[in-house]
Amino acid sequence: MKAPAVDYIAPGTLDEALRSLADIDNARVLAGGQSLMAMLNMRFAFPDCLVDINRIAELAYIRDDGDAVHIGAMARQRDVEFSGLVASRLPILHEAILNVGHRQTRNRGTVGGSLCQLDPSAEIPAIAMALDAQVHIGSVRGRRSVCMADFPAGYMTPSLQSDELVLGASFRPWDAGHGSCFLEFSRRHGDFAIVSAAVLLQFGADGRVARCSITLGGCAATPVRMAQAESALLGTQATSRDLAAASELCGAVDASSDAYTPAWYRRRLARVLSARALDSAVRRATR
């Protein structure tokens with residue numbers, strides 16, 4: 001199939017893009033296009049106009065202000081992959097980005113595009129959830145920021161008004177010495193994950209878990225923070241028994257079924273992958 005006929009606008013500045021979104025009904029933003037173009041070709045999306053933001057250089061950045069790493073909506077996934085700043089300050093994002101599609105898709109795919117697509121199996125939304133990222137949003141009416149936990153409105157639906165554009169996201173790095181791990185299971189490398197697990201652990205001076213983040217992707221309509229499993233690990237010494245108890249809680253996730261994968265299989269993967277990710281995060285952490 002081929003994409004339906006649409007109008008096309010390629011603004012050169014952010015202000016022009018925001019004005020276009022405010023003035024045009026039923027417009028869709030074209031960033032990397034790695035998901036949107038496929039949806040258009042398969043007639044899953046029917047916008048009247050595409051607003052192409054590829055020429056807006058001010059949205060393509062990766063920078064550190066000391067407190068957080070800020071990544072623009074038009075930062076390519078390939079730029080994130082080869083960013084020394086991301087590798088040193090956000091190692092779990094660097095690990096996860098290697099699972100995003102293939103080199104060709106990462107050359108074009110963007111951070112903002114992945115966040116807005118909000119595929120529950122996608123890696124970048126899962127990491128944003130794990131790191132409590134702040135998503136920055138703009139329109140002609142002003143700017144606002146929303147925590148990643150509040151960004152999804154539902155399945156593949158971000159909390160955006162029709163005239164709003166994601167400008168970028170801020171990721172606050174964990175303290176030096178923390179351990180992290182991202183794992184996913186898919187039919188083939190580069191496919192969307194059937195289930196993924198993102199884990200971050202920080203030990204206190206007493207050798208006990210002082211901070212913990214466990215996120216599962218692919219299980220439900222959005223990436224899920226496993227709050228009960230996190231609470232179960234806090235204050236423990238992260239022994240094998242402690243990790244097993246946390247992974248069992250992950251295995252109780254309210255998973256969904258589809259034509260290819262039943263819920264029970266996703267729950268089993270959630271238990272196994274979380275156990276492996278927790279073990280790796282503990283071994284990578286400094287006690």
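The values are calculated or read from the model by the stated rules, or taken from the named source; none is laboratory data. Just so it is clear, the model here is predicted, and its values are computed rather than measured. Accessible surface is based on the protein model in full, side chains and every heavy atom, while ligands, DNA and RNA are left aside. Shrake-Rupley method; radii C 1.70, N 1.55, O 1.52, S 1.80 Å.
Multiplying the sequence separation of GLN237 and ALA87 by 0.36 nm and subtracting their Cα-Cα distance, what value in nm do you get?
51.3 nm
Using only the alpha-carbon atoms of the range 151-287 as identical scatterers, what base-10 log of I(q)/I(0) does the Debye formula give at q = 0.11, 0.18 Å⁻¹?
Once normalised to I(0) and log-transformed, intensities are -0.44, -1.01.
Per the Debye formula with a single identical scatterer at each Cα and no solvent contribution, what log10 I(q)/I(0) holds for the chain at q = 0.10, 0.12, 0.14, 0.15 Å⁻¹?
Once normalised to I(0) and log-transformed, intensities are -0.53, -0.75, -1.00, -1.12.
Once amide H atoms are built 1.01 Å from N in the peptide plane, which residues 5 or more positions from VAL195, or in another chain, come under 5 Å H to H?
Result for VAL195 returns PHE185.
Could you provide, to the nearest whole Å², the per residue accessible area of the chain with probe 1.4 Å?
Using a 1.4 Å probe on heavy atoms only, each residue of the chain averages 46 Å².
222 nm [θ] for the chain, helices only, -39500 (n - 2.57) per DSSP H run of 4+, per residue, to 500?
Using -39500 (n - 2.57) per qualifying helix, the result is -9000 deg cm²/dmol.
When the Karplus curve 6.51 cos²θ - 1.76 cosθ + 1.60 is applied with θ = phi - 60°, which whole-Hz ³J(HN,Hα) does each residue of the range 75-85 get, with x for Gly and Pro?
5, 6, 4, 5, 5, 5, 4, 9, 7, x, 4
Enter the mean projected area of the convex hull around the alpha-carbon atoms of the range 1-143, in nm², rounded to one decimal.
Working: hull surface 35.8 nm².
Its Cα hull, projected and averaged over all orientations, spans 9.0 nm².
Using all alpha carbons of the range 181-244, what is the percent of pairwise distances in each 5 Å bin, ordered from the shortest bin to the longest?
Percent of pairs per bin, in order: 4, 17, 23, 22, 14, 11, 7, 2, 0.
Give the carbon-plus-sulfur fraction of the accessible surface of the chain in %, rounded to a whole number; probe 1.4 Å, heavy atoms of protein chains only.
Numbers: 6480 of 13250 Å².
Exposed carbon and sulfur together represent 49 percent of the surface.
ARG211's amide H: which non-local residues (gap 5+, or another chain) put their own amide H closer than 5 Å, with H modeled 1.01 Å from N in plane and none for Pro or chain starts?
GLN202
Work out from phi, with θ = phi - 60° and the Karplus expression 6.51 cos²θ - 1.76 cosθ + 1.60, the ³J(HN,Hα) of each residue of the range 234-240, listed in order in whole Hz, and give x for Gly and Pro.
4, x, 8, 8, 6, 6, 4
If a/c stays under 1.5 just call it rounded; otherwise compare a/b with b/c (prolate if a/b is bigger, oblate if not). Do that for the range 74-181, with a ≥ b ≥ c from the square roots of the Cα gyration tensor eigenvalues.
Since a/c reaches 1.5 and a/b is larger than b/c, the shape of the range 74-181 is classed as prolate.
If one takes the longest principal axis of the Cα atoms in the chain, at what angle in degrees, from 0 to 90 and to the nearest 10, does the Cα axis of helix 263-284 lie?
Helix 263-284 and the main axis of the chain meet at about 70 degrees.
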